[in-house]
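One structure below.
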Amino acid sequence: MRKYLQIIDRQRATKWARVANIVIDRIVFNLLFFALGLAGGIVDGIFGIYYFTKFFDQLADLGRVADIIITSIIFFFYIFFVEYLTKGRSLGKFVTGTKVIMIDGEEPTVRDYFIRNIARLVPFDALSFLGENGWHDTWSDTRVINIKNYEAEKQAKSDIESLGKQEIA
């Protein structure tokens, strides 16, 4: 069981920052999908093979439920890899100055990011953030924090602890 640091709780990102994170991440994700489709169409047009065009037409014919499932799975992999490779920061989190961190202040592991992001596939997870924390945070023991405030509080605590200690020249 992890030790829950109070500093993590005090420096949690606001709900509005978290909403901005998901909105920005979804916009970027959709733009990447659009760019992929556009690139596929250009390649098809240049080479006259129309492989990508047929593939995207088949995807469009799958129906709404299949579209939601496939898109959710692809978004899971997208956000999982982005958060893992950037050490807890998606593009939305870069914009809002937030970051994913464990409740004990450590950096999440691959397993932690996996659990955090697989929980996003649970229906209504997006609504769970209306409570104290989202399910994806609760199940993975992670929190989204405001980096600037977190680092400032850590530095202040370090400064206070170092008061009175003899400096060696």
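The values are calculated or read from the model by the stated rules, or taken from the named source; none is laboratory data. The structure displayed is predicted, hence computed values, not measured ones. Here the Cβ is made from the backbone with ideal geometry for all residues, glycine too, and neighbour counts use every protein chain on show. Only protein heavy atoms, including side chains, enter the accessible area calculation; ligands, DNA and RNA are left aside. Shrake-Rupley method; radii C 1.70, N 1.55, O 1.52, S 1.80 Å.
Across segment 95-123, what is the number of residues that are part of a helix (DSSP H, G or I) and either surrounded by 14 or more Cβ atoms within 10 Å (Cβ to Cβ) or not charged (D, E, K, R) (or both)? Final tally of qualifying residues: 13. Within segment 19-34, if we keep just the residues that are open to solvent by less than 50 Å² (accessible area, probe 1.4 Å) and modelled with pLDDT of 90 or more, the residue that is nearest to residue 59 (Cα to Cα) turns out to be 29. Can you pull out every residue in segment 63-79 that is of a type in the set (Phe, Trp, Tyr) and open to solvent by less than 20 Å² (accessible area, probe 1.4 Å)? Once the filter is applied, which keeps residues that are of a type in the set (Phe, Trp, Tyr) and open to solvent by less than 20 Å² (accessible area, probe 1.4 Å), segment 63-79 yields 75, 76.
Checking each residue in segment 35-54 for being loosely packed, with under 13 Cβ neighbours inside 10 Å, more than 24 Å from the chain's Cα centre (by Cα) and either touching a residue at least 40 places away in the same chain (Cβ under 8 Å) or assigned to a helix (DSSP H, G or I) (or both) picks out 38, 39, 42, 45, 46, 47, 51, 54.
Could you count how many residues in segment 46-103 are closer than 17 Å to residue 143 by Cβ and among the charged types (D, E, K, R)? Qualifying residue count for the region: 5. The sole residue among 150, 113 that is touching a residue at least 12 places away in the same chain (Cβ under 8 Å), hydroxyl-bearing (Ser, Thr, Tyr) and within 15 Å of residue 90 (Cβ to Cβ) is 113. In segment 1-14, the residue that is nearest to residue 128 (Cα to Cα) out of those that are open to solvent by 90 Å² or more (accessible area, probe 1.4 Å) and part of a helix (DSSP H, G or I) is 10. Would you be able to say whether some residue in segment 138-156 is open to solvent by less than 10 Å² (accessible area, probe 1.4 Å) and in a loop (DSSP other than H, G, I, E, B)? Looking through segment 138-156, none of the residues is open to solvent by less than 10 Å² (accessible area, probe 1.4 Å) and in a loop (DSSP other than H, G, I, E, B).
Does residue 84 satisfy being among the hydroxyl-bearing types (Ser, Thr, Tyr), open to solvent by less than 50 Å² (accessible area, probe 1.4 Å) and either part of a loop (DSSP other than H, G, I, E, B) or in contact with a Phe, Trp or Tyr (Cβ under 8 Å, 6 or more places away or on another chain) (or both)? The answer is no for residue 84.
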